[in-house]
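Report on the structure given below.
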Amino acid sequence: MKTVFLILLGVLASAWGQGCDNNYGAYLNALKDEVNTDDNKVNALESEFRDDFHTLVRKAFASSSDDASYCYLPDEDLKVDVYGPDGPMKDCQKCQTMTKNLRDKYFKSKDEVRKCLRAHFASAVREELEPCIQGKISNGYNFHVPPIPDFDEKTFSVINIVEEGVDYRIMARSRLDACRSANAAKYQNTKPIFDKGYPGIYAKHCQASKNAKAKAVSSGCSSRFAEVKGASCTCIDEKREDWHQRFAKIYQIVSNAQSASECGQKNQRRRGRVVGKNTNRLGRMYPQGSE
């Protein structure tokens, strides 16, 4: 799902201190325009998001089970049905059923329902990350993330490519977690390569970000840009496990959404009970104004 990548890219690459805050919304809107230029551009970006990750997997993981140094993930495993009997949930039939339903609720829903789900997911990510970032940068109380545009509004025609990119990531991260438990040495060799990436990865996405930044961000905001980028990376790492645990709870809302309006009502109530609660907890964990 490119939305996730671009939300994080937007947060990483576009925040600044007092006097620069107005640039943030302009940057995100410029980025949306960059990635939604036309169908060919959308296809190229989604294909890159899938294919570059595949290349990363091949650089980080071993293709042979005989490899003594790196975690094992051949292409035939990477490309299996991650929700089926050969995927990471092969020992849990109920889990397979639940995740298949969740996948279908998004990828096979009408476009208006997917748009609704993306909007609420983006809002939840924004509410989660903002207080964490505020607590890690100077004058954090000045930093606010405005509503995030819908970067995926034109992905309907390439939804199969989007789904493949998501599936690859699920399988790779699942295999990396399994490797950590089975062989710590292989995990320690594999994870740094997986985390670091490689020169030129996601080049089209990065170029779109640079183009948007050139249009919306003044040179005087570069220092704040770098500070928030570092804080954002740290917060994303800290929140990853928390999000992982709570996706099971979000499933209930998604699986019961029969229309865009119902999706909106249920997600609104959900944010009040769960996301809001955790946002307040983050605010206490990272007091505003602290480094």
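List of remarks:
- Inter-site label distance for Ala203 and Glu153 at 7 Å from Cα along Cβ, in nm: 3.0
- Of Lys32/Lys239; Lys108/Lys229; Lys110/Lys136, those spanning more than 29 Å from alpha-carbon to alpha-carbon: Lys108/Lys229; Lys110/Lys136
- R0 of 25 Å, Cβ-Cβ distance Asp67-Ser174: FRET efficiency to nearest 0.05: 0.85
- Cut-off 9 Å between beta-carbons: net charge of the residues surrounding Cys179, Lys and Arg +1, Asp and Glu -1: +3
- Distance in nm between pseudo-label sites at Cys233 and Ala185 (7 Å out along the Cβ direction from Cα): 2.9
- Charge context of Pro74, other residues only, Cβ under 13 angstrom, K/R +1, D/E -1: -3
- Summarised in one figure, the compactness ratio Rg/Rh of the stretch 128-233, Cα atoms and Kirkwood Rh, is 1.03.
- Rough spin-label spacing in nm, given labels placed 7 Å along Cα→Cβ, for Glu163 and Asn211: 2.9
Where a number appears in this text, it was derived from the coordinates with a stated rule and is not lab data. This structure is a prediction, so every number in the text was calculated from the model and none was measured. As a convention, Cβ positions derive from the backbone with ideal geometry for all residues, glycine included, and neighbour counts pool all protein chains shown.
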